2 protein chains.
Amino acid sequence: MREVAIIGIGQTKVGEHWEKSLRQLAAEAILAAIKDAKIERVDLLYVGNMLSGEVADQEHLGAAVADFAGLRTVEAYKIEAACASGAAALRQGYIAVAGGLADFVVVCGVEKVTDAPNPDVLAALALATDGEYERAHGLSLIALNAIIMRRYMHEYGYKQADFAAFSVNAHRNAVNNPYAMFRRPITEEAFAKARMVVEPINLLDSAPVADGAAALVLCPLVMAKDFTSKPVRIAASAAATDALALHDRKDLLFLEAACLSAKKAYELAGIGPQDVDFFELTDASTVMAALSLEAAGFAERGEGVRLAMEGEITLEGRIPISTMGGLKARGHPIGATGIYQAVEAVIQLRHEAGENQVRDAHWGLIQNIGGTGGTAITHILEGPD
Amino acid sequence: MREVAIIGIGQTKVGEHWEKSLRQLAAEAILAAIKDAKIERVDLLYVGNMLSGEVADQEHLGAAVADFAGLRTVEAYKIEAACASGAAALRQGYIAVAGGLADFVVVCGVEKVTDAPNPDVLAALALATDGEYERAHGLSLIALNAIIMRRYMHEYGYKQADFAAFSVNAHRNAVNNPYAMFRRPITEEAFAKARMVVEPINLLDSAPVADGAAALVLCPLVMAKDFTSKPVRIAASAAATDALALHDRKDLLFLEAACLSAKKAYELAGIGPQDVDFFELTDASTVMAALSLEAAGFAERGEGVRLAMEGEITLEGRIPISTMGGLKARGHPIGATGIYQAVEAVIQLRHEAGENQVRDAHWGLIQNIGGTGGTAITHILEGPD
């Protein structure tokens, strides 16, 4: 197997892109990544996306995006794994390059939701849950997050206000990210007063669904030096699944797929949580951020929220998370999120994160979770410095 | 790179499965394939599917199917490339095994359309076309096929009745396929009298969309002998794309992606059209069958229909096609079709096709086309005998 490097990144601003279609967003990110990488050939394109058919009037997305991005005839596919579709695309790109089946692979994550009415988008997003046992009964993704959060509070004795630290951190970090959706800080007071969405999850607790596209160029590490002085190595790529339905899980408060894929990733990279300099996790809601910290080995069970309360998740803390705003403040363009995480990690590892730079960042952990934990895909990236 | 073999196959009957859900169909095919292969471990699952989110209330399909098939925790993804989603899943499975990233990979194709009203299914199927330039104007997939057929008739001087040979052949071959949807022969007279769908395509010209699931087990060829005495080698795997919109193509009557992927496949396998013993192609309509024969090198341009009229596509002909009924008579469970093609090719190459056995079958060509040719994925399979 070959070592794989990321040699190019591209992203659009996350937000409500009324003036751009899905294919335009995707092409913008792809062309930016190709330009950044300075490659002249693309062998393979993977497009991570969840809802193009339901809310953006397009399936057959691989070929559609390839053509619009100037890559007509290039082999291309859409990969779907709910909110983890982005990392799923990255994972396929890694497999193709590591295995020697392709040299220059573009992976793109894209989602366009603002062309459809909001209730349709929420109903479509619930397709990430168990269709027969959860969605059929009217449970939305955020409602399932609320069930988990309520149980977490009950088991470990937290108040709703204790979760504020996650959102405060995310919003503070987004201020300096020009691609973020919400570039304004929030306070704990604002969090406490925010309108309830699904008790105990309020408006400042949950991540906003949005439009956006991000892209990466992968190639074998041995070829990377021809294109960039700052190749970022993919030190590990691993994934696992779990039951979609919460009632089928052994434990409501443990992300088994996240834990399995993180463990495998640490093993592959030969490092442990203590070596990780920052962690881009899937903070679709604050409780998911807490559970991710626990599943990836940064906190004991029930201690994820405490880690946040103690300031250890900030840029200066023990394990900085959501360093460019996370899902909460950068925004959550569903199937694109996993690629945004990777793009942001590359920026950190190239030491180009400006005011948000994690000092001496060398190992970045990114974990993209689908649904309430049914899919978890973990990558470990190693910077050039 | 490692040589890859297919060591297990499974399929459900194609048809209207009112009593079974999507996940049940998928699990049935997967469990049959695992049983056939006698494997005890699965490393990775790819699910080829186009419309689970639009008409079967489920995205996040990889994890959903993995769990229901008894493969909880196994890494799993949904792959979409319109009607070529099945072969797209096979292609990813091939990449993973060939590259050494996984040893035992299950690839499944599944589609469940009968839970949604028929007009919804047709509208969803049109998501395979260019959403902004074709579907937005009300063009369905079959209407685009009709445009192509009309032009083909005009350019090459055929009558509508000349296309009957494709459907007659497909229906005759389906009679002996217990998994086929339409197990009855049809005559040229019946074809001539069939109700028009979109002129010049009539009811007996176009393939029926249906429910179904099929699955394969892949592993490295060197390990295959431990599981079966009849491993089928994947001698080539190749894919290409083209513009989705017909008006963007250089030539309305040439399937460029099909030609490109077939050429590459021949090169990889080290054989040519003259060596191929049978060809499972994407006969979504008869004109697509003709264009596929031309793109894959079995007929000069404009001669595909003549090949059929002269009886060369039957089981005894120069290049047998749709040997178990093809899309027309086995049925077209959209995202599953590519895997049905592979399953049927394996049956032929194992010499287990009974009355439909192609004599001395050794090289099988399978080509799965998405939309009107926007994606084309070609595999060449080599039998053990």
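Just the residues that are more than 20 Å from A:PRO231 (Cβ to Cβ) and polar (S, T, N, Q), please, taken from the stretch A:301-350. Those that are more than 20 Å from A:PRO231 (Cβ to Cβ) and polar (S, T, N, Q): A:THR314, A:SER322, A:THR323, A:THR337.
A:THR314 fulfils the conditions (1) within 27 Å of A:GLU111 (Cα to Cα); (2) among the polar types (S, T, N, Q); (3) touching a helix residue (DSSP H, G or I) at 6+ places or on another chain (Cβ under 6 Å) except for a single criterion, (1).
Looking at A:ALA329, A:ALA361, A:ALA336 in this structure, which one is touching a residue at least 60 places away in the same chain (Cβ under 8 Å), closer than 16 Å to A:GLY212 by Cβ and more than 11 Å from the chain's Cα centre (by Cα)? Testing whether each residue is touching a residue at least 60 places away in the same chain (Cβ under 8 Å), closer than 16 Å to A:GLY212 by Cβ and more than 11 Å from the chain's Cα centre (by Cα) leaves just A:ALA329. Among the numbered conditions (1) within 9 Å of chain B (Cβ to nearest Cβ); (2) surrounded by 24 or more Cβ atoms within 10 Å (Cβ to Cβ), the only one that A:GLY109 does not meet is (1). Residues of the stretch A:99-120 include none that is among the small types (Gly, Ala, Ser) and in a helix (DSSP H, G or I).
Quick grid of which residues meet (1) polar (S, T, N, Q); (2) touching a helix residue (DSSP H, G or I) at 6+ places or on another chain (Cβ under 6 Å); (3) without any contact (Cβ under 8 Å) to a residue 60 or more places away in the chain:
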site: A:ALA143; (1), (2), (3): no, no, yes
site: A:ARG150; (1), (2), (3): no, no, yes
site: A:HIS171; (1), (2), (3): no, yes, no
site: A:GLU189; (1), (2), (3): no, no, yes
site: A:CYS219; (1), (2), (3): no, no, no
site: A:SER229; (1), (2), (3): yes, no, no
site: A:ALA238; (1), (2), (3): no, yes, no
site: A:THR241; (1), (2), (3): yes, yes, no
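Among the candidates A:ALA128, A:ALA124, A:ALA98, A:ALA116, single out the residue that is in contact (Cβ under 8 Å) with a residue 40 or more places away in the chain and crowded, with 24+ Cβ neighbours inside 10 Å.
A:ALA128
Within the stretch A:1-19, the residues that satisfy the criterion of being part of a loop (DSSP other than H, G, I, E, B) and buried (at least 17 other Cβ atoms within 10 Å of the Cβ) are A:THR12, A:LYS13, A:VAL14, A:HIS17.
Applying the selection to the stretch A:179-204, what residues are buried (at least 18 other Cβ atoms within 10 Å of the Cβ) and outside any strand (DSSP E or B)? Even if it seems obvious, please write down each step before you answer.
Within the stretch A:179-204, the subset buried (at least 18 other Cβ atoms within 10 Å of the Cβ) is A:179-182, A:186, A:191, A:197-198, A:200-202, A:204.
Across the stretch A:179-204, the qualifying residues are A:TYR179, A:ALA180, A:MET181, A:PHE182, A:ILE186, A:PHE191, A:PRO200, A:LEU204.
Any residue at all in the stretch B:69-78 that is closer than 20 Å to B:ALA128 by Cβ and of a type in the set (Val, Ile, Thr)? Scanning the stretch B:69-78 turns up no residue that is closer than 20 Å to B:ALA128 by Cβ and of a type in the set (Val, Ile, Thr). Return the residues of the stretch A:91-105 that are more than 7 Å from chain B (Cβ to nearest Cβ) and touching a helix residue (DSSP H, G or I) at 6+ places or on another chain (Cβ under 6 Å); say none if nothing qualifies. The answer is A:ALA102, A:VAL105. Within the stretch A:49-90, being more than 7 Å from chain B (Cβ to nearest Cβ) and either assigned to a strand (DSSP E or B) or in contact with a Pro (Cβ under 6 Å, 6 or more places away or on another chain) (or both) holds for one residue alone: A:CYS83. Considering only residues that are closer than 20 Å to B:ALA210 by Cβ and either hydrophobic (A, V, I, L, M, F, W, C) or not assigned by TED's automatic domain parsing to the domain that holds B:ASP360 (or both), which ones fall in the stretch B:295-326? Result: B:ILE321, B:MET324. Selection over the stretch A:68-86 of residues that are under 21 Å from the mean Cα position of the chain (by Cα) and either surrounded by fewer than 24 Cβ atoms within 10 Å (Cβ to Cβ) or not β-branched (Val, Ile, Thr) (or both) gives a count of 9. Taken over the stretch A:140-161, the criterion of being more than 14 Å from A:SER285 (Cβ to Cβ) and either outside the structural domain of A:HIS332 (by TED's automatic domain parsing) or outside any loop (DSSP other than H, G, I, E, B) (or both) is satisfied by A:HIS154, A:GLU155, A:TYR156, A:ALA161.
The number of residues in the stretch B:316-349 that are in contact with an Asp or Glu (Cβ under 9 Å, 6 or more places away or on another chain) and not in a helix (DSSP H, G or I) comes to 12. Listed conditions (1) under 23 Å from the mean Cα position of the chain (by Cα); (2) at pLDDT 95 or above; (3) not hydroxyl-bearing (Ser, Thr, Tyr) are all met by A:ASP115, apart from (2).
In the stretch A:291-310, is there at least one residue being on the phi > 0 side of the Ramachandran plot and in a helix (DSSP H, G or I)? No, because not a single residue in the stretch A:291-310 is on the phi > 0 side of the Ramachandran plot and in a helix (DSSP H, G or I).
Is it fair to say B:ILE34 is outside any strand (DSSP E or B), facing chain A (nearest Cβ under 7 Å) and among the β-branched types (Val, Ile, Thr)? Here the answer is no, as B:ILE34 does not meet what is asked.
Within the stretch B:121-136, how many residues turn out to be in a helix (DSSP H, G or I) and either away from chain A (no Cβ under 12 Å) or closer than 29 Å to A:ALA102 by Cα (or both)? Matching residues across the stretch B:121-136 total 4.
A count restricted to the stretch B:205-258 and to residues that are part of a loop (DSSP other than H, G, I, E, B) and surrounded by fewer than 23 Cβ atoms within 10 Å (Cβ to Cβ) stands at 14.
The combined condition, being within 12 Å of another protein chain (Cβ to nearest Cβ), touching a helix residue (DSSP H, G or I) at 6+ places or on another chain (Cβ under 9 Å) and within 20 Å of A:GLY371 (Cα to Cα), is not fulfilled by A:LEU139.
The values are calculated or read from the model by the stated rules, or taken from the named source; none is laboratory data. Here the structure is a predicted model, which means the values were calculated and not measured. Don't worry about glycine lacking a Cβ; one is built from the backbone with ideal geometry, like all the others, and counts go over all protein chains shown.
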